[in-house]
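Step one of this worksheet: look at the structure below.
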Amino acid sequence: MRKKKHSYSMIWAIFSILIVFGIIKYASPYAFMILLGKDHTMPTPSTLMLWYMILGVLGALVYVSTSDLKWANFLSFMLPGEDDRTKKLLQKIIVLALPLLLGWFVYSGTVPGTASPVELRIQHPTLLQKYENMENPFAHVSEELKEKYTEEGKHLYQQNCRPCHGSKADGNGPFANSFRLRPINFTDPGTIGTVVESFVFWRIMEGGPGLPDGSTPWDSAMPSWEDTLTDEQVWKIIMGEYATAGVVPRQREEAE
């Protein structure tokens, strides 16, 4: 009589979830460090880590429930009555691991920890010299043209900036919660209302990769747009950005 073949689908599901956890937790920080050219690892945000793990668990459950046979084999793994030493050993490991894992989560969430000294971050770094004398080419056109360019800028803003900074320029875009450092709320008078337009032009053009060392370790997720948008498009976006946020740019002080 042929020996009955035992199903270990539950073990494979758990093993797959652990592999996903290992990749996101330990492998991806080094992969992104290499891809982004950083000199330090890029850890996955805790919120994003939680969502990835939820998706991993849901994916495993969807797979084992695609047929009645797979689901029965998945659930039957924990049932006793089969003379399989390997299965009995794995059952004991799972039964012992669950309370230990729960205890570890509770302990890690309640144990007092030590925090690194606070490192001040420069929100508005010094404007680079090559941008100091830049001026919006559409600043001195007629009011009719200025209104036209502002509307074009609003449209370009919604196309390129809305996912992070939101349709109202309030920092509540669809992707905002995915970042540890949330996108800037432009409606806050302490943001783009305190800088000249050439500063905003610099930040759009060079993004997070162009920030000086003083703006780390809270690196901005802002991408560099200099290879995607033209100078004219960026100036129009700036006009539309200020209009959408309901603030005005800072005017240059004239030296006496």
On the basis of being assigned to a loop (DSSP other than H, G, I, E, B), out of contact with any Gly (no Cβ under 6 Å at 6 or more places or on another chain) and crowded, with 19+ Cβ neighbours inside 10 Å, does P183 make the cut?
no
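From E197, E253, E241, E232, which residue is acidic (D, E) and free of Cβ contacts under 8 Å to residues at least 24 places away in the same chain?
Result: E253 is the single residue among E197, E253, E241, E232 that is acidic (D, E) and free of Cβ contacts under 8 Å to residues at least 24 places away in the same chain.
Of the residues V247, V234, V196, which is under 26 Å from the mean Cα position of the chain (by Cα), at pLDDT 90 or above and among the β-branched types (V, I, T)?
Only one candidate passes the filter, namely V234.
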Say we look at region 53-75 and pick out the residues that are surrounded by 11 or more Cβ atoms within 10 Å (Cβ to Cβ) and within 20 Å of G22 (Cβ to Cβ); which of these is farthest from the chain's Cα centre (by Cα)?
Y63
A careful count of residues in region 82-125 that are over 31 Å from the mean Cα position of the chain (by Cα), exposed (fewer than 10 other Cβ atoms within 10 Å of the Cβ) and modelled with pLDDT under 75 gives 1
Could you please tell me which pairs satisfy a Cβ distance under 8 Å, a separation of 6+ or placement on different chains, a first residue in region 25-39 that is closer than 18 Å to G208 by Cβ, and a second residue that is outside any loop (DSSP other than H, G, I, E, B)?
L36/P209; G37/P209; K38/F32; D39/M33
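The values are calculated or read from the model by the stated rules, or taken from the named source; none is laboratory data. Computed from a prediction, not measured in an experiment: that's the story for all the values here. Positions of Cβ are generated from backbone atoms using ideal geometry, with glycine treated the same way; all protein chains shown enter the neighbour counts.
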